[in-house]
Amino acid sequence: MRTITRRSSGCVKRMFVSLKDANALVTFKDGSMYYYENVSRKAMLNLMLNKNMSLGFWVNANLVNSDRAVCFDRIPN
């Protein structure tokens, strides 16, 4: 998994993505962690290349509100 470089975000503390496996692991500022599979590789590549893209916007559009991505686990604090 690759760490998405630090960017300011009101809700996302840290995020890891894997283009190879099409998954993402997101740690939110409240301490909760969510693991997503079947994430769009195109969207991940766009996020990696566009350093000005908001992490919160990306997470909402491509993970939380996605018809494609599936949240498999909520990892407790």
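The values are calculated or read from the model by the stated rules, or taken from the named source; none is laboratory data. Just so it is clear, the structure is predicted and the values come from calculations on it, not from any experiment. So basically every Cβ, Gly included, is an ideal-geometry build from the backbone, and we count neighbours across all protein chains shown. SASA here: full protein model, heavy atoms, side chains in, ligands and nucleic acids out. Shrake-Rupley method; radii C 1.70, N 1.55, O 1.52, S 1.80 Å.
Structure data summary
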quantity: Heavy-atom SASA rank of Leu55, Leu25 (probe 1.4 Å, accessible area, largest first); calculated: Leu25, Leu55
quantity: Accessible surface of Ser32 - all protein chains present, 1.4 Å probe, nearest 10 Å²; calculated: 10 Å²
quantity: Percent of C-alpha pairs per 5 Å bin, the stretch 3-72, short to long; calculated: 3, 18, 33, 30, 14, 2
quantity: Per-residue ³J(HN,Hα) for the stretch 44-55, Karplus 6.51 cos²θ - 1.76 cosθ + 1.60, θ = phi - 60°, Hz, x for Gly and Pro; calculated: 5, 4, 4, 5, 5, 7, 9, 5, 9, 6, 5, 5
quantity: Charge sum, other residues only, whose C-beta stays under 13 Å from Met44's C-beta, Lys/Arg counted +1 and Asp/Glu -1; calculated: +3
quantity: HN-Hα J in Hz across the stretch 12-25 - Karplus 6.51, -1.76, 1.60, θ = phi - 60°, x for Gly and Pro; calculated: 9, 8, 8, 8, 10, 9, 10, 5, 4, 9, 6, 9, 8, 10
